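Read the structure below first, then the notes.
The values are calculated or read from the model by the stated rules, or taken from the named source; none is laboratory data. Everything numeric in this text was worked out from a predicted model, so none of it was measured. Please note: Cβ atoms are built from the backbone with ideal geometry, for glycine as well, and neighbour counts cover all protein chains shown. SASA here: full protein model, heavy atoms, side chains in, ligands and nucleic acids out. Shrake-Rupley method; radii C 1.70, N 1.55, O 1.52, S 1.80 Å.
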Amino acid sequence: MATETSTQSYSEQWYWDDRYTNESEPFDWYQKYSSLAPLINLYVPHRNHPVLVIGCGNSAFSEGMVDDGYEDVVNIDISSVVIDTMNEKYSNRPQLKYLKMDVRDMKAFEAASFDAVIDKGTLDSILCGSNSRQYSTQMLEEVWRVLKDKGVYILITYGAPTYRLRLFKKSCAWTTKLHVIDKSLTDHPLETPKWELTKPVPLDDEGSSVESVIGKSPDVHYIYVCTKDESLKMEADEA
C-alpha cells in the first residue's frame, strides 16, 4: 500500500523518471489490453483512425492495440526516460508513436485530431497531487480539445461515479456512459462477472444508481466513456 507521500508523487515528473530509470519490465495499471479489448473495439471501431493514449508509461497496452489491428496509436508521457525507452523498443513498429508531453498542455496536437483518448490511471495520478482540481480541469479541457466531435475519452479508474461525474460536469460538454470490470483476476476473468463489460451500467446524474446495480463498495474498476458533444457546449454557451 503506497504511503500518502508516495501517492502524492504520482503527479510529479521526477517520480516517474526515477521509477522508469529503475524499472524496465512493462507494467500495466489496472487492466491489460486483452481484458479491455471488447470495450475498445466497441467504442473505437475504426482501426485506421488515430488514437491517443495518455500517460502511457511502459505499458504493453498500446502494443496490444496494434496487435489487434489498430494502425495509428500515439502515446504521450511526462517522463522523457520512458518515452526514450519506448521509442527504442518499438522503433520497428510505425503504428506506435511515443512523444514526451504534459497532458495538461498538448498544444503540439491540433484541435479535433483524435477519434479516441484512452486514460489508464493518468487522471487518478493528477488527482493525487497538489493543485489537483486545477490540473485535472486543465487536463480534461485539453482532452476535449484534441478529440473530434463525437470522439470518446475512455477513462479506466478506481474513482466511483459520485466523484468522477462531478469532475466531468465541471470541465466540458460530455455525454457519459459507465462500464465496470472486475479488478481481480484480470488475466482470468471471473466466470460470472458482476456486470457484462460491454453493457453500460444505468447511470443517473449523481451516479447513485450504480450502487443498486453492482452493490456497495464493489471490487471493480470503473470505465467512463465520455463522448465529446459540441452541441451540448453550444447550448451551454447560449444559456
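Quick notes
- Test: residue in segment 129-137 that is touching a residue at least 40 places away in the same chain (Cβ under 8 Å), farther than 21 Å from ARG166 by Cβ and open to solvent by 30 Å² or more (accessible area, probe 1.4 Å): no
- Note on segment 40-54: residues that are within 11 Å of the chain's Cα centre (by Cα) and surrounded by fewer than 24 Cβ atoms within 10 Å (Cβ to Cβ) total 0.
- The condition of being within 18 Å of MET101 (Cα to Cα) and among the acidic types (Asp, Glu) holds for ASP84.
- Qualifying positions in segment 149-166 - over 15 Å from LEU232 (Cα atoms) and open to solvent by 30 Å² or more (accessible area, probe 1.4 Å): TYR158, THR162, TYR163, ARG166
- Whenever a residue of segment 86-113 is within 26 Å of ASN131 (Cα to Cα), its partners that are surrounded by fewer than 16 Cβ atoms within 10 Å (Cβ to Cβ) and of a type in the set (S, T, N, Q), lying with C-beta atoms within less than 6 angstrom and at least six residues away or across chains, give the pairs LYS100/SER80.
- Residues in segment 190-239 that are part of a loop (DSSP other than H, G, I, E, B) and of a type in the set (A, V, I, L, M, F, W, C): LEU190, TRP195, LEU197, LEU203, ALA239.
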